[in-house]
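Have a look at the structure below, then the notes.
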Amino acid sequence: MPATTVLPDQDDLTRRLTAVDDDPHRVDKLYPKVVARAGTRMTGPGFVMALQLAFAEYIKEMPPVIAYALGKELGTYVRAVIDDPGARREALDALGDLESSA
């Protein structure tokens, strides 16, 4: 059975995301898409999928190089947000699987 974790509350999740990167554009446009899931129970791979969807919506109008750079940061966000070691490992494993199939 996959490990699950409860995401931090809105304030803590916002703080953790901002600690990764406090760029005002991300804070205003990207992070609210992730913070909408605050307090929910998710699997590690489920959180990766939520991040991927939020990032995909965020980068729609951006050059591909920005999309590529943001994609490389997903692991950093996973490490900042997921406290449960099992769920974090599964999220990073899923992220590795996603990166190797790209």
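The values are calculated or read from the model by the stated rules, or taken from the named source; none is laboratory data. Please read these numbers as outputs of a predicted model, since none were measured by experiment. Reconstructed Cβ throughout: ideal geometry from the backbone, glycine too, with neighbour counts over all protein chains shown. Surface accessibility is based on the protein's heavy atoms, side chains included, excluding ligands, DNA and RNA. Shrake-Rupley method; radii C 1.70, N 1.55, O 1.52, S 1.80 Å.
Pop out the ³J(HN,Hα) list for segment 50-57 in order, Karplus 6.51 cos²θ - 1.76 cosθ + 1.60 with θ = phi - 60°, rounded to Hz; leave Gly and Pro as x.
4, 4, 4, 5, 4, 5, 4, 5
Dipole of the chain, Cα-centred, from +1 at each Lys and Arg C-beta and -1 at each Asp and Glu C-beta, to the nearest 20 debye?
With only Lys, Arg, Asp and Glu charged at Cβ, the dipole is about 100 debye.
Under the rule of -39500 (n - 2.57) per DSSP H run of 4 or more residues, summed and divided by the residues of the chain, what mean residue ellipticity at 222 nm is obtained, to the nearest 500 deg cm²/dmol?
Using -39500 (n - 2.57) per qualifying helix, the result is -19000 deg cm²/dmol.
Identify the trypsin sites (Lys or Arg not before Pro) of the chain meeting these criteria: DSSP loop state and at most 11 other C-beta atoms within 10 Å of the C-beta.
When the trypsin sites (Lys or Arg not before Pro) of the chain are filtered for loop state and at most 11 Cβ neighbours within 10 Å, Lys60, Lys72 remain.
When ligands, DNA and RNA are left out and all protein chains stay put, how many square angstrom of accessible area per residue does the chain have with a 1.4 Å probe?
58 Å²
What is the set of long-range amide H partners of Thr4 at a cut-off below 5 Å, with H atoms built 1.01 Å from backbone N?
Sorted by chain and number, the residues that satisfy this come to none at all.
Report the longest stretch of the chain that contains none of the GluC sites (Glu not before Pro) sitting in a DSSP loop with at most 16 other Cβ atoms within 10 Å.
1-60
Can you give me the relative contact order of the chain as a percent, contacts being Cα pairs under 8 Å and 6 or more apart?
It rounds to 40 percent for the chain.
Can you find, among Pro63, Leu13, Ala36, the residue sitting farthest towards the positive end of the charge dipole of the chain, where Lys and Arg contribute +1 and Asp and Glu -1 at Cβ?
Ala36
At 1.4 Å probe size, with the rest of the protein present, what percent of the exposed accessible area of the chain is carbon and sulfur atoms?
Whole-percent figure for carbon plus sulfur exposure: 54.
Report the Cα centroid-to-centroid distance between segment 74-90 and segment 1-49 in angstrom, as an integer.
Using only Cα atoms to place each centre, the spacing works out to 11 Å.
With θ taken as phi - 60° and the coefficients 6.51, -1.76 and 1.60, list the Karplus ³J(HN,Hα) couplings across segment 20-25 in order, rounded to whole Hz; mark glycine and proline as x.
Going residue by residue, I get 6, 7, 9, 4, x, 5 Hz, with x marking Gly and Pro.
Using θ = phi - 60° and the Karplus curve 6.51 cos²θ - 1.76 cosθ + 1.60, what whole-Hz ³J(HN,Hα) does each residue of segment 30-37 get, with Gly and Pro shown as x?
8, 4, x, 5, 7, 5, 4, 9
In µm²/s, what is D for the chain at 37 °C and 0.692 mPa s, where D = kT/(6 pi eta Rh) by Stokes-Einstein and Rh is the Kirkwood radius from Cα pairs?
241 µm²/s
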